[in-house]
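First up is the structure itself, then whatever we jot down about it.
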Amino acid sequence: MDRLLVNTSSREQLVNITTPTQGLITQRGWRDGILTLFCPHTSASVILAEGNDPAVGGDLLRNLRRLLPPDQTYLHQGNPDAHLKSILAGQTVQLIVEQGQMQLGSWQGVFFCEFDGPRPREVWAKFKA
Amino acid sequence: MDRLLVNTSSREQLVNITTPTQGLITQRGWRDGILTLFCPHTSASVILAEGNDPAVGGDLLRNLRRLLPPDQTYLHQGNPDAHLKSILAGQTVQLIVEQGQMQLGSWQGVFFCEFDGPRPREVWAKFKA
Amino acid sequence: MDRLLVNTSSREQLVNITTPTQGLITQRGWRDGILTLFCPHTSASVILAEGNDPAVGGDLLRNLRRLLPPDQTYLHQGNPDAHLKSILAGQTVQLIVEQGQMQLGSWQGVFFCEFDGPRPREVWAKFKA
């Protein structure tokens, strides 16, 4: 498998990884198949989301914070809200690749969601033709 | 890849696409493998859900509306609540195909979730043997 | 496909299935590819989550109960809250397998989430090299 490196710069942040993901596909010469992206972190997610207006990421983070407030009482010590946000947003995405191009809808982008940064992070990528 | 066409008729709606999905598998002669369904829209989802009682879809839409009200303040102009619902419900589903049949649990169905219709929509399908 | 059997013992419960999942990979001799785990139930989920502190599972169940209370008014009779929790937590997970080992992050585990037990349950597993 391959690793995309993502350095986040705040506690909660969306990072658009559409371009590096396509870059990896091109570099490896993957032509036709399914690319699985896997987030190996329990306080982060990989998602598909509206990719043109950064306000959508802000809306997501703000609303997840409202639904899962960091300051309510949890059993887990440390970053409990981040674990729950990671579960709800999800850690794996499957992308269709045809003719060497990742197939996305007009408005879609691939995003890494940081819920407990800043940290150096990875997204794992495995292609099956 | 193949495209399933879905025409939605209201702003929020679940459409059961179990039969057309199996129809595509049969038509293409896919026998054994994984079928990836991919929603190329940022204000819609593809999910697995209880397929026998349409009330479950109503419960889902009503509760997502309660958790992510369309009339609260968002940063994104237009359809911000729809983008967030799409992220939480998810855009990709993997289905096991054996002997030409999609393998589902007794109560499961495959659903397209419209969060910002009515619109003509697509679900992309890619099979890997 | 293969089936992992999970017997749950309360209405809501997380069961760590990391070890039996790796056991299946080893037993079958799967070396390199993608393992799809599929939950065939509409009131349960399969997820990736923090695997070292059982408190995270308690936090998840308690917060889903807060967001989707079992005693509010739903249209569906029976277990409506369980269906909605199942949709939000999700039913399919893709795991990268290399050199016969499931690839997980340091803190990750694979969990079956029961939202309407106790019941005998299954997780379906399909490997593609």
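Looking across the stretch B:86-99, just one residue is open to solvent by less than 20 Å² (accessible area, probe 1.4 Å) and in contact with an Asp or Glu (Cβ under 8 Å, 6 or more places away or on another chain), and that is B:VAL97.
Annotation: of all residues in the stretch B:96-119 being hydrophobic (A, V, I, L, M, F, W, C) and at the interface with another protein chain (Cβ under 8 Å from one of its Cβ atoms), the one that is farthest from A:PHE111 (Cα to Cα) is B:TRP107. Taken together, the residues in the stretch A:16-63 that are under 10 Å from the mean Cα position of the chain (by Cα) and more than 17 Å from A:THR92 (Cβ to Cβ) amount to 1.
If you filter the stretch A:107-129 down to residues that are under 18 Å from A:THR19 (Cα atoms) and over 13 Å from the mean Cα position of the chain (by Cα), you find that the one that is most open to solvent (accessible area, probe 1.4 Å) is A:TRP107. Reported count of residues in the stretch C:50-61, each being surrounded by fewer than 24 Cβ atoms within 10 Å (Cβ to Cβ), closer than 10 Å to C:LEU14 by Cα and at the interface with another protein chain (Cβ under 7 Å from one of its Cβ atoms), is 1. When you scan the stretch B:107-124, do you find a residue that is without any contact (Cβ under 8 Å) to a residue 12 or more places away in the chain, of a type outside the set (Phe, Trp, Tyr) and over 26 Å from A:LEU35 (Cβ atoms), even just one? No: zero hits. When the criteria are applied in full, C:PRO70 meets the requirement of being away from chain A (no Cβ under 13 Å) and over 21 Å from C:TRP124 (Cα atoms). If only residues of the stretch C:1-49 that are away from chain B (no Cβ under 14 Å), among the polar types (S, T, N, Q) and touching a strand residue (DSSP E or B) at 6+ places or on another chain (Cβ under 7 Å) are counted, the one that is surrounded by the fewest Cβ atoms within 10 Å (Cβ to Cβ) is C:ASN7. Does the stretch B:64-75 hold any residues that are surrounded by fewer than 20 Cβ atoms within 10 Å (Cβ to Cβ) and either among the charged types (D, E, K, R) or touching a Leu at 6+ places or on another chain (Cβ under 9 Å) (or both), and which are they? Correct list: B:ARG65, B:ARG66, B:LEU67, B:ASP71. For B:HIS83, the conditions (1) away from chain C (no Cβ under 14 Å); (2) open to solvent by 30 Å² or more (accessible area, probe 1.4 Å) are fulfilled apart from (2).
The values are calculated or read from the model by the stated rules, or taken from the named source; none is laboratory data. What you are looking at is a predicted structure, and each value in this text was computed from that prediction instead of being measured. Reconstructed Cβ throughout: ideal geometry from the backbone, glycine too, with neighbour counts over all protein chains shown. Just the protein is used for accessible areas: all its heavy atoms, side chains included, with ligands, DNA and RNA removed. Shrake-Rupley method; radii C 1.70, N 1.55, O 1.52, S 1.80 Å.
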